[in-house]
Amino acid sequence: FVPHTEDMKIAMEFQQALRRASLDNGDLDAELLNNLRNPVQELLTIRDNDILLSIRLFLSTTNASERVYHEVRADITERYPDSKILSHSAIKKEIVTMTGVFPIVHDMCPGSCVAYT
């Protein structure tokens, strides 16, 4: 790889952006900033077995598609109709509420779709 002028310019701009980066010059809303600056301090205790099962299912399917979560959830609730496993989106919201940990999503490829794994 032989860097070209444009490559070096992009690299320098990236370095400058990293040096200027702070919580105050981003696009995070006030609630997210508050969560980052004031994280949950108390020990988390989960007494609801359905929420606990939902979290375990969510964590065990993090490397799978959202569809897998929905299918496993459907299978469990078919076998155990009284089970109240949360939907994928509901458990994500519950985890944010309980922990203050939230995803920051930024589209790195607007207008195109190339994935690297």
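The values are calculated or read from the model by the stated rules, or taken from the named source; none is laboratory data. Since this is a predicted model, take the numbers as computed values, not measurements. Cβ atoms come from the backbone with ideal geometry, glycine included; neighbour counts cover every protein chain shown. Each accessible area value is taken on the protein alone, full model and side chains, heavy atoms only, with ligands, DNA and RNA left out. Shrake-Rupley method; radii C 1.70, N 1.55, O 1.52, S 1.80 Å.
Among A30, A74, which is surrounded by 10 or more Cβ atoms within 10 Å (Cβ to Cβ) and of a type in the set (A, V, I, L, M, F, W, C)?
A74
Within the range 1-27, the set of residues being in a helix (DSSP H, G or I), open to solvent by less than 100 Å² (accessible area, probe 1.4 Å), of a type in the set (A, V, I, L, M) and farther than 17 Å from G100 by Cα comprises I10, A11, A17.
For the structure I just gave you, tell me whether L33 is without any contact (Cβ under 8 Å) to a residue 40 or more places away in the chain, touching a helix residue (DSSP H, G or I) at 6+ places or on another chain (Cβ under 9 Å), over 30 Å from K84 (Cβ atoms) and part of a helix (DSSP H, G or I). Before you say what the answer is, go through the steps one by one.
Numbers: without any contact (Cβ under 8 Å) to a residue 40 or more places away in the chain: yes; touching a helix residue (DSSP H, G or I) at 6+ places or on another chain (Cβ under 9 Å): yes; over 30 Å from K84 (Cβ atoms): yes; part of a helix (DSSP H, G or I): yes.
Answer is yes for this residue.
Please verify whether the range 96-105 includes one or more residues that are modelled with pLDDT of 95 or more and not in a helix (DSSP H, G or I). The answer is no; no qualifying residue exists.
Taking K93, is it assigned to a loop (DSSP other than H, G, I, E, B) and open to solvent by 100 Å² or more (accessible area, probe 1.4 Å)? Break it down stepwise before answering.
Numbers: assigned to a loop (DSSP other than H, G, I, E, B): no; open to solvent by 100 Å² or more (accessible area, probe 1.4 Å): yes.
No; evaluated as a whole, the condition is false for this residue.
Taking the numbered list (1) more than 19 Å from the chain's Cα centre (by Cα); (2) among the polar types (S, T, N, Q); (3) under 30 Å from S83 (Cβ atoms) in turn, S54 passes all entries but (1). The set of residues in the range 36-55 that are surrounded by 12 or more Cβ atoms within 10 Å (Cβ to Cβ) and not in a loop (DSSP other than H, G, I, E, B) comprises L36, D50, I51, L53, S54, I55.
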